[in-house]
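Heads up: the structure comes next, in structure tokens.
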Amino acid sequence: MPHLSSSRKAPVSVRITIIGASITGLATACVLRRSGHKVLVVEKSDGTFRSPGIIPSPPNMTRVLQRWGLQSYLAKSGMVVDQFRFLEGQSGKIIGVLKLYEELLKDLMADFLLIQHGDLISIFQDIARREGVEVRYNTTVVKVERVPLAALLENGDILYSDLIVGADGPLRSISRDAVLLRQIEELPTQHVCFSFSVSLSDLQADTELEGICEQRNWNMWLGDGFVIYGACHVERNRYFLCITTEMHGDMTEYQGNWTKQYPVDRFDLRLERFDPRIQKLLRMAEVLIPTCHVFIPEPENLICDLDKVILAGQSAHPTMPDGMHSTAMCIEDIDALDYLLTRIRHVDEIPRVLSAHEELRMERCTHAREWELRKLQMFTLDQGEDRELRDAKIRCLSECEDMEEKEYAFNDLWGEEVDFYAYDPIEQADNWWSMYGTVISQRTP
Ligand SMILES: Cc1cc2nc3c(=O)[nH]c(=O)nc-3n(C[C@H](O)[C@H](O)[C@H](O)COP(=O)(O)OP(=O)(O)OC[C@H]3O[C@@H](n4cnc5c(N)ncnc54)[C@H](O)[C@@H]3O)c2cc1C
């Protein structure tokens, strides 16, 4: 298992409490600890659960993980995707293939990967152990006090620190309440993401199914009001799928659920609208993990007015369950935060760099949220003119002889997505620091 690669050490070691030990919390702890800060993580669960679901790591996220020194791990557990194959949701016919060209990937210096959520948690837990991070499991924070800065625990203990990072996720975030001084309204939706997996060998042995098992392909079935993602993981010998669709009835039970499995026949998925191969895969799977999307308006601030509590990851930028950039935004948040905190020379400078972080991250993450929603709308169009236009562009990617037309179709469909891949949080933070960093240092006595 890898260590984090060494980095610049912070001139001042800040005492940091991190709330939540999922991807954001653990990664924050590992990176800030490596930079010389004193970190303590508190997590309400026992930390043993491993979610089998798949997390996309677009090149902007993979590049940061590589910079942290995780190459060997990514080589082992990441599934490289270099083409997105779009299929008609009901018939399963291929509409077209969107290829990430080699030159583009070379320029981006990182792959598009799919990684199991549980694998990412395991690696960060392992690094946290090696870096000497203290993680207290089965420990729930019930309140964040701002003066003096402290996290109050359910067991009555109080944790004082110079900075609190709220990595407690999208739903009912305690740290978000402290930052906003109110509870944000969480709006349930009928959108549910059903994750499941089946044995890859079983698929390969089935003549009807083997056609969807090619490696490096991310299959996307685009249907009337639904989208289905599917990809194979050779190491795990599994084929992973995720169906996002609107459901009728009360879905409250599945809000924020990533752990509980239910039998397939519990849900009226209206199977007849799916490619017969998807219907077969569902019969093979037997169980599903349903996660209902709760729409959470983006908080207007990511730091409190005293600027010693900062939201990071999903508490700051709540997204839909199967977002392509959800975890990438978490990882980018941490990279930028580490850069800024490693440059201050006194704890009094914390509020100023946190404001910088908010300024740097807010616009980027709002853009990501909006793009995810537009992409979902584009993928789930009902039959009609807009859908025909979309499919014509996808077809052009595979069939068009005219390079100019092909490039136009690529940019129109995926240009905004590719722009996300080029972003580098350190570059942005560095630009900010070169403009305003000296002012921060000069203001410190
Ligand atoms: C158990 C679990 C499994 C998941 N599986 C998948 C998956 O398969 N596929 C996928 O796409 N996404 C999954 N997600 C969501 C995914 O982790 C996020 O979308 C994102 O990638 C990382 O978000 P995050 O770390 O900011 O927040 P989250 O992942 O939501 O983590 C928040 C953490 O904070 C802890 N916490 C919350 N409140 C408190 C409190 N008061 N005191 C102490 N600790 C607290 C929670 O227990 C949790 O561990 C899962 C999340 C969880 C919690």
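Taking segment 263-285 as the range and being touching an Asp or Glu at 6+ places or on another chain (Cβ under 9 Å) and not in a helix (DSSP H, G or I) as the test, the residues that pass are P263, D275. Remark: pairs (first residue in segment 46-61, within 12 Å of E332 (Cβ to Cβ); second residue near the ligand (Cβ under 7 Å from one of its atoms); Cβ separation under 6 Å; 6+ apart in sequence or on different chains) are absent. Does D119 meet the test of being within 16 Å of the ligand (Cβ to nearest atom), open to solvent by 10 Å² or more (accessible area, probe 1.4 Å) and more than 30 Å from R273 (Cβ to Cβ)? So D119 passes the test. Listed by position, the strands (runs of 3 or more DSSP E) contained in segment 80-127 that have at least 2 residues being among the β-branched types (V, I, T) are 94-99.
Rundown of residues vs (1) hydrophobic (A, V, I, L, M, F, W, C); (2) closer than 30 Å to L163 by Cβ, yes/no style:
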site: A356; (1), (2): yes, yes
site: E363; (1), (2): no, yes
site: E404; (1), (2): no, no
site: Y408; (1), (2): no, no
site: F420; (1), (2): yes, yes
site: I426; (1), (2): yes, yes
site: N431; (1), (2): no, yes
site: S434; (1), (2): no, yes
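Cβ-Cβ distances below 9 Å connect the following pairs, each with a first residue in segment 133-148 that is over 9 Å from A21 (Cβ atoms), a second residue that is more than 9 Å from the ligand (Cβ to nearest atom) and among the aromatic types (F, W, Y), and a separation of six or more residues or different chains: P148/Y160. Each residue in segment 28-75 was checked for being charged (D, E, K, R), over 17 Å from G132 (Cα atoms) and away from the ligand (no atom under 12 Å from the Cβ), and 2 pass. Within segment 385-411, the residues that satisfy the criterion of being in a helix (DSSP H, G or I), closer than 18 Å to Y101 by Cβ and either hydrophobic (A, V, I, L, M, F, W, C) or open to solvent by less than 20 Å² (accessible area, probe 1.4 Å) (or both) are I394, C396, L397, M403, A409, F410. Out of everything in segment 76-113 that is of a type outside the set (D, E, K, R), closer than 28 Å to R130 by Cα and in contact with a strand residue (DSSP E or B) (Cβ under 7 Å, 6 or more places away or on another chain), what residue ends up being most open to solvent (accessible area, probe 1.4 Å)? Ranking the qualifying residues of segment 76-113, first place goes to V80.
Among the residues of segment 286-328, those identified as assigned to a loop (DSSP other than H, G, I, E, B), away from the ligand (no atom under 12 Å from the Cβ) and either at positive phi or modelled with pLDDT of 95 or more (or both) are E286, D307. Hey, any hits in segment 333-343 for a residue that's surrounded by fewer than 24 Cβ atoms within 10 Å (Cβ to Cβ), more than 9 Å from the ligand (Cβ to nearest atom) and among the β-branched types (V, I, T)? The answer is yes, given that some residue of segment 333-343 is surrounded by fewer than 24 Cβ atoms within 10 Å (Cβ to Cβ), more than 9 Å from the ligand (Cβ to nearest atom) and among the β-branched types (V, I, T). Residues in segment 238-259 that are among the hydrophobic types (A, V, I, L, M, F, W, C), away from the ligand (no atom under 12 Å from the Cβ) and assigned to a loop (DSSP other than H, G, I, E, B): 2 in all.
Mind counting the residues in segment 246-277 that are of a type in the set (S, T, N, Q) and free of Cβ contacts under 8 Å to residues at least 60 places away in the same chain?
So the first thing to find is which residues in segment 246-277 are of a type in the set (S, T, N, Q), and the list is 252, 255, 257, 259, 261.
Still in the running and free of Cβ contacts under 8 Å to residues at least 60 places away in the same chain: 257, 261.
Going through segment 246-277 one residue at a time, the tally reaches 2.
The values are calculated or read from the model by the stated rules, or taken from the named source; none is laboratory data. Keep in mind that this is a model prediction, so the values were computed, not measured. As a convention, Cβ positions derive from the backbone with ideal geometry for all residues, glycine included, and neighbour counts pool all protein chains shown. Note: areas computed on protein heavy atoms with side chains; ligands, DNA, RNA excluded. Shrake-Rupley method; radii C 1.70, N 1.55, O 1.52, S 1.80 Å.
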